[in-house]
């Protein structure tokens, strides 16, 4: 390989790196923008935070209820301590702790009837907002986006590895 | 329109709604997964939080420095109070406050030389991680994704509107 080819490849690699970074920042900013809009509307129209809505959404899908650890694991958004979210929702009688037979120290969390009803109203509005916020894309484009994100999801991050960057600079 | 057509349309609308919601949850989970991996690696390999890295990245792009309000506005990630992030980075001599001539109460924030050098090392690793995390997609697929997200970005959320959902349930 001559020097010129080498330089070209380095430039191309650099351009690729840069394109990946731009793509990531675009992905992050699109997601953040939609999430912030949903967060704001939930607060304004229903007086509820996004993590509280998210927690109720996890429970809605599980008629048998969920253990606390499972609730934490399934949350889609960060922010807010799960225990304090649960305490607050329980005070408002939207969720309840159910005893687990044979295990006095455990409980499962479910929505109350009022919780189901409140969540249904919010979920309907939420779904309409999501549809509106994704509406710049045609149905076909939304399918393409879903397929590309499906491919992206296959990534298995290497969370541990030995690299020269390991040391703190 | 007869009743059958009406039902078909409702079902299709319901299916569309549901597809939009699934797409949004996929977008959110892809972004969160990449963000969490980057957050973890920054912490493990450089002992720095994502908001601190983000703040340094904003300053790196502005040799003239930024006012505090502008720094807050440009942050890509949430979490962490900007003032306390700045205080900590200043103690580590990675950022500095520069006086604004003629305005004793204002200052602009810039990276120090040590800040530039530390950020350069982290940015190189960060760029390689992003490239790795996006690598399930070919270059062509990454271009397609960037184009679709570019279209999505054109959305202008209606942040205020009068709707029957306005009242707290």
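Taken together, the residues in segment A:108-140 that are in contact (Cβ under 8 Å) with a residue 40 or more places away in the chain and more than 22 Å from residue A:35 (Cβ to Cβ) amount to 6.
From the list B:42, B:23, the lone residue that is more than 18 Å from the chain's Cα centre (by Cα) and at pLDDT 85 or above is B:23.
Residues checked against (1) more than 30 Å from residue B:34 (Cα to Cα); (2) out of contact with any helix residue (DSSP H, G or I) (no Cβ under 7 Å at 6 or more places or on another chain):
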| position | (1), (2) |
| --- | --- |
| A:48 | no, no |
| A:58 | no, no |
| A:61 | no, yes |
| A:64 | yes, yes |
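Scan segment A:46-74 residue by residue and report those that are at positive phi and within 12 Å of chain B (Cβ to nearest Cβ).
Initially, segment A:46-74 is screened for residues at positive phi, giving A:47, A:65.
Listed by number, the list holds a single entry, A:47.
The residue list A:95, A:77 contains one member that is farther than 19 Å from residue A:34 by Cβ, surrounded by 14 or more Cβ atoms within 10 Å (Cβ to Cβ) and either more than 12 Å from chain B (Cβ to nearest Cβ) or at pLDDT below 90 (or both), which is A:95.
List the helices (runs of 4 or more DSSP H) that sit entirely inside segment A:70-160 and contain at least 1 residues that are closer than 17 Å to residue B:149 by Cβ and in contact with a helix residue (DSSP H, G or I) (Cβ under 8 Å, 6 or more places away or on another chain). Talk me through it step by step, then tell me what you get.
Details: elements: A:82-91, A:113-134, A:139-152.
Counting at least 1 such residues, we get A:113-134, A:139-152.
Checking every residue in segment B:106-123 against the condition of being loosely packed, with under 15 Cβ neighbours inside 10 Å, away from chain A (no Cβ under 13 Å) and modelled with pLDDT under 90 gives at least one match.
Does segment B:25-45 hold any residues that are closer than 17 Å to residue A:31 by Cα and at the interface with chain A (Cβ under 8 Å from one of its Cβ atoms), and which are they? Don't jump to the end; show me each part of the working.
Initial filter on segment B:25-45 (closer than 17 Å to residue A:31 by Cα): B:25-39.
Across segment B:25-45, the qualifying residues are B:25, B:26, B:27, B:28, B:29, B:30, B:31, B:32, B:33, B:34, B:35, B:37.
The values are calculated or read from the model by the stated rules, or taken from the named source; none is laboratory data. Model, not experiment: these values are computed from the prediction. Neighbour counts run over all protein chains shown; Cβ positions are idealised from the backbone, glycine included.
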